[in-house]
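Contents: one structure, followed by commentary.
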Amino acid sequence: ENGQCGNSRGALIVLEGLDRSGKTSQSSRLLPYLEGLGFPVELWRFPDRNTCVGEMISSYLANKSQLDDQTIHLLFSANRWEKRDCGHYKDKNRLAERSLMETKLRSGTTLIVDRYSYSGVAFSSAKGLDIEWCKAPEMGLLAPDLVLYLDIPPEKAAERGGYGSERYEQLEFQKKVAECYKILQDATWKTVDACLPMEDVERQIRESVLDCVTTCQKGRTLSK
Ligand code: DGP
Ligand code: NA
Ligand code: NA
């Protein structure tokens, strides 16, 4: 009875947090949980490195290419836009086959998304870019129903198995990102203490998500 019916739509659930905050583990644990309850659900992530834009982002993150801060900001944003949905894309065969966000949600599929616009604004404004300028290209993307912020002190995150070699995985920079995230919190946010044992984090996430998915099924419209 949890499946799609009538006007019901899927929920757009976003996980945010610093690198090594546990988003990726928690989102992959959330997937089988919701599936087990009978909800149609998919796990997405941004950046999506599989598109042409995503390949440029990936190369930048690996320090294999250099781009100025504004340019990479707009590419991250474009990577979200290309996965959104747009009526006129449907006429173009190449894109028609892609499953895009709005179509998925309308058809009743819940999306768990590992990073979204908040990463876009937090990571770029941490470099010193104007926050309003950073927000502008995100406007018009689908608004999440729930943002789960996995809260962890940057020092603690850095201790977790160490960072990889990607561009942003440095303690001093992550401290700035954490400050920027704090400014962005809004009514859709649920902050979860990511320092708790994994099972406790998981339990809190499950509770909030179940609430959200149930509300969305009752026919809340998609907002932008
Ligand atoms: P991930 O694949 O989740 O490890 O993300 C790769 C890195 O890119 C990570 O350090 C966070 C950062 N990032 C994710 N989204 C954005 C974005 O929209 N803008 C910027 N500037 N950085 C982002
Ligand atoms: Na990362
Ligand atoms: Na991640």
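The values are calculated or read from the model by the stated rules, or taken from the named source; none is laboratory data. Treat the numbers as computed from the prediction; the structure is a model and nothing was measured. Virtual Cβ from ideal backbone geometry, glycine too; neighbours counted across all protein chains shown. In case anyone asks, the SASA skips ligands and DNA or RNA and just uses the protein heavy atoms, side chains included. Shrake-Rupley method; radii C 1.70, N 1.55, O 1.52, S 1.80 Å.
Here are the numbers:
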quantity: Filtered residues of region 128-179 (kept if of a type in the set (D, E, K, R) and more than 20 Å from the chain's Cα centre (by Cα)); calculated: Asp130, Glu155, Lys156, Glu159, Arg160, Glu172
quantity: Condition met for Lys218 (open to solvent by 70 Å² or more (accessible area, probe 1.4 Å) and either β-branched (Val, Ile, Thr) or within 20 Å of His73 (Cβ to Cβ) (or both)); calculated: no
quantity: Matching entry among Lys90, Lys64 (being of a type in the set (D, E, K, R), modelled with pLDDT of 95 or more and more than 16 Å from ligand 3 (Cβ to nearest atom)); calculated: Lys64
quantity: Check on Ala187, within 17 Å of the chain's Cα centre (by Cα), closer than 26 Å to His73 by Cα and either touching a residue at least 40 places away in the same chain (Cβ under 8 Å) or part of a helix (DSSP H, G or I) (or both); calculated: no
quantity: Test: Ser59 is away from ligand 3 (no atom under 16 Å from the Cβ), over 17 Å from the mean Cα position of the chain (by Cα) and hydroxyl-bearing (Ser, Thr, Tyr); calculated: yes
quantity: Some residue of region 147-165 being at pLDDT 95 or above, away from ligand 3 (no atom under 16 Å from the Cβ), among the β-branched types (Val, Ile, Thr) and surrounded by 16 or more Cβ atoms within 10 Å (Cβ to Cβ); calculated: no
quantity: Check on Ala178, among the small types (Gly, Ala, Ser), touching a residue at least 24 places away in the same chain (Cβ under 8 Å) and within 30 Å of Phe39 (Cβ to Cβ); calculated: no
quantity: Positions within region 6-27 being within 16 Å of ligand 1 (Cβ to nearest atom) and touching a Gly at 6+ places or on another chain (Cβ under 6 Å), in sequence order; calculated: Lys23
quantity: Count of residues meeting criterion [out of contact with any strand residue (DSSP E or B) (no Cβ under 7 Å at 6 or more places or on another chain) and within 16 Å of ligand 2 (Cβ to nearest atom)] in region 6-43; calculated: 4
quantity: Subset of region 17-32 [surrounded by 16 or more Cβ atoms within 10 Å (Cβ to Cβ) and among the hydroxyl-bearing types (Ser, Thr, Tyr)]; calculated: Ser21, Thr24, Ser27
